[in-house]
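What follows is calculated from the coordinates using simple rules that are stated; it is not laboratory data. Note that the structure is predicted; figures quoted are calculated from it, not measured. Glycine also receives a Cβ, built like all others from the backbone with ideal geometry; neighbour counts cover every protein chain displayed.
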Amino acid sequence: MASVAAVRAALATSVTGISALTAAFPDGYRVSAYPVSNPTPPQIEIAEFSIERWQAMRDGAEWWTCAIHAYVAVTTDEISRATADAFVDNDPVSAAIETDRTLGGLVSDLIVDRTIQRDWNHAALNSVLTGVEYQLRILV
């Protein structure tokens with residue numbers, strides 16, 4: 001069975017060096033397999049996991065959920081939200097993740113279940129970050 005650490009690493013790899021993301025962020029972007037205390041947009045981090053066990057009787061299938069945060073801008077004005085709007089319209093993260101829905105055979109299947117525009121209040125930055133949260137459903 002896959003481990004959370006292995007799935008994190010595979011998801012981080014799946015959104016690294018993607019041409020649609022480098023087009024969206026021509027000055028570059030960072031990817032972290034773990035949440036960071038002081039994210040600097042543009043940055044993508046593999047955030048929280050949740051596991052639903054016993055989906056098939058006994059020790060069978062498990063549904064995992066995972067949140068991925070894509071910080072696209074420090075919120076200062078309408079331009080920050082317009083950047084997030086364009087990011088959702090293009091949706092390069094979902095496309096990159098769903099290119100290999102088994103993460104190289106690590107999981108049985110995955111989908112990007114939900115895409116949510118969000119603002120995160122980060123105390124370390126003393127600012128609000130605008131971005132997109134991707135919620136994945138993973139069959140393990």
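Taking label points 7 Å from Cα along the Cα-to-Cβ direction, ALA5 and ALA123 give a separation of 2.9 nm. Set against the labelled values [x] 1.07; [y] 1.02; [z] 1.24, Cα Rg over 2.2 N^0.38 Å computed from this structure falls on [x].
If you keep only loop residues by DSSP, which GluC sites (Glu not before Pro) in the range 40-105 have at most 15 other Cβ atoms within 10 Å of their Cβ?
Those that pass, being in a loop and sparsely packed, are GLU98.
Here the range 48-125 and the range 1-33 have alpha carbon centers that stand 11 Å from each other. Remark: PHE87, PHE25 ranked as PHE25, PHE87, counting other beta-carbon atoms within 10 Å and listing the fewest first. Here the Karplus relation 6.51 cos²θ - 1.76 cosθ + 1.60, evaluated at θ = phi - 60°, turns the backbone of the range 83-92 into coupling constants of 5, 5, 4, 5, 5, 5, 4, 7, 6, x Hz, with x for every Gly and Pro.
Full extension of the segment from SER37 to ARG137, taken as 0.36 nm per residue of separation minus the current Cα-Cα distance, would add 33.5 nm. Ordering TYR34, TYR134 by the number of other Cβ atoms within 10 Å of each residue's own Cβ, fewest first, gives TYR34, TYR134. Taking trypsin sites (Lys or Arg not before Pro) across the range 15-71, the ones in a DSSP loop with at most 13 further Cβ atoms lying within 10 angstrom of their Cβ are ARG53, ARG58.
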